[in-house]
Amino acid sequence: MTDFIREGRLFRVTAFLPSHRLLFLASQATLVDGTTTRVEVSIGHVELMFLKPLYRNGLQIRRATAAEFAVLSERHGIPEASADYTWMLERDGDSFVVGANPNWREAEYELMGERQSLYDEPWPPDFPVESGHVD
């Protein structure tokens, strides 16, 4: 299993597109946390989400454990078939998303130029970028 871990960064919810059921979270490069990259996460086919607007200590996206899923299923009526698609967003928090496997992209902020998002077309961009998904 490949988790997405970016601790010590400020992430915020940047968009939710209900017509496509697509959620975006992003972290800008800031002097406060000493980062030079922009990181963006997208989660598609969102069925249910329980989010904070800001994640001040970063994200740790991972599949919910069996115990966590049991609690969430009972509390929110999530069907058992969604267990493999329930993603926790924090190490010890209550934030979660039921949706497709999360994807992420990260690039040096200075190289992005006028580009507003790493999910803008064309893809791939003409500068170095790392990307992946959570399994």
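The values are calculated or read from the model by the stated rules, or taken from the named source; none is laboratory data. Predicted model only: the values in this text are computed from it and were never measured. Don't worry about glycine lacking a Cβ; one is built from the backbone with ideal geometry, like all the others, and counts go over all protein chains shown. These area figures cover heavy atoms from the full protein model, side chains too; ligands, DNA and RNA do not enter into them. Shrake-Rupley method; radii C 1.70, N 1.55, O 1.52, S 1.80 Å.
Key figures for this structure:
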{"read-out": "Residue in the range 89-108 that is under 11 Å from the mean Cα position of the chain (by Cα) and open to solvent by 60 Å² or more (accessible area, probe 1.4 Å) present", "value": "yes"}
{"read-out": "Residues of the range 109-118 that turn out to be open to solvent by 30 Å² or more (accessible area, probe 1.4 Å), out of contact with any strand residue (DSSP E or B) (no Cβ under 6 Å at 6 or more places or on another chain) and either in contact (Cβ under 8 Å) with a residue 40 or more places away in the chain or not aliphatic (A, V, I, L, M) (or both), as a count", "value": "5"}
{"read-out": "Count - residues of the range 109-135 that are more than 19 Å from the chain's Cα centre (by Cα) and under 20 Å from Thr35 (Cβ atoms)", "value": "8"}
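Here's the yes/no breakdown for (1) polar (S, T, N, Q); (2) more than 22 Å from His133 (Cβ to Cβ):
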| residue | (1), (2) |
| --- | --- |
| Thr14 | yes, no |
| Thr36 | yes, yes |
| Trp87 | no, no |
| Gly93 | no, no |
